[in-house]
1. Taking springs between alpha-carbon atoms closer than 10 angstrom, which of HIS92, HIS83, HIS47 fluctuates most in the Gaussian network model of the chain?
2. Just to check I understand the Karplus step: with θ = phi - 60° and J = 6.51 cos²θ - 1.76 cosθ + 1.60, what whole-Hz values come out for the range 157-168, glycine and proline as x?
3. Which ordering of THR94, THR213 is given by a fewest-first count of other beta-carbon atoms within 10 Å?
4. Mind giving me the FRET efficiency for THR182 and ALA151? R0 is 22 Å, r the Cβ-Cβ distance, nearest 0.05 is fine.
5. Applying 1/(1 + (r/R0)^6) with R0 = 30 Å to the Cβ-Cβ distance of GLU55 and ASP195, what FRET efficiency is obtained, to the nearest 0.05?
6. P(r) of the range 2-134 in 5 Å steps, Cα pairs, percent per bin?
7. Grab the beta carbon distance between THR114 and ASP41, set R0 = 22 Å, and tell me the FRET efficiency rounded to 0.05.
8. Can you list the residues, at least 5 places off or on another chain, whose amide H is less than 5 Å from the amide H of GLY162, using H built in the peptide plane?
Amino acid sequence: GYGVSTCATCDGAFFRGEDMLVVGGGDAACEEAAFLTKFADTVHLAHRRENFRAEDYWVDRVRELESEGDVEIMTNTELLEIHGSEADGVDHATLAHNPEGHPKEKLNDEATETFEQDLGAVFVAIGHTPNTDYLEGTGVEMDETGYIETAGGDGAGQTATGVPGIFGAGDVVDHYYQQAITAGGMGSKAAIDADEYLEELERAESAATDADTAAADD
């Protein structure tokens, strides 16, 4: 809050007309920087390395916006501190720059320069780490970054994992949209899938009981 956010689509419009800082160097950071030009006076994009990790499309897009004066790209630059108050929100930030990159690790280097940047908002877009460590060893399949892999596709069972009775939903599955409304919708799907799974178990148990009863009668 108070001008610090991780979601440009959620909060960008609240800071219309302000200078904004986006921190990051991947697809999310470049996409958010491009999106925020709808509202910001200037978007400052700070990345700790010289080269972006983002796809060429997004790098080209922010460089195009830079040529139009909407974005300032600050490579080899890292955020050190955000200044402001609860009453007034973000006022400015302290950043560091080193020509070789990773300036936080080189604050005592003579080549590292620190500077202040007036801002109205800061958007942190350095990626997310899903809280799925507790699933290790359970058989639930996850990708290399820890997101749960589900069946997907069309029809019933989209949220099923590789382990019967375990269903995935929300931001631990979705690495792209990560919105409350999409997580809620996926949660509804998972609830329906789980309910149908339990009903199938009950039907199977009932059928087994009937078979045992019939066998006993014989």
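1. HIS83
2. Ordered by residue, 3J(HN,Hα) equals x, 4, 8, 5, 9, x, 10, x, x, 10, 10, x Hz.
3. Numbers: THR94 13, THR213 9.
The order, fewest Cβ neighbours first, is THR213, THR94.
4. Efficiency at R0 = 22 Å is approximately 0.80.
5. Working: r = 39 Å, r/R0 = 1.31.
Once the sixth-power term is evaluated, E becomes 0.15.
6. 2, 11, 21, 22, 21, 13, 7, 2, 0, 0
7. Details: r = 23 Å, r/R0 = 1.05.
Efficiency for this residue pair is about 0.40.
8. Here the answer is GLU141, since their amide H atoms fall under 5 Å of that of GLY162.
Any read-out appearing in this document is the output of simple, stated calculations on the displayed coordinates, not a laboratory observation. Source: prediction; values computed, not measured. Reconstructed Cβ throughout: ideal geometry from the backbone, glycine too, with neighbour counts over all protein chains shown.
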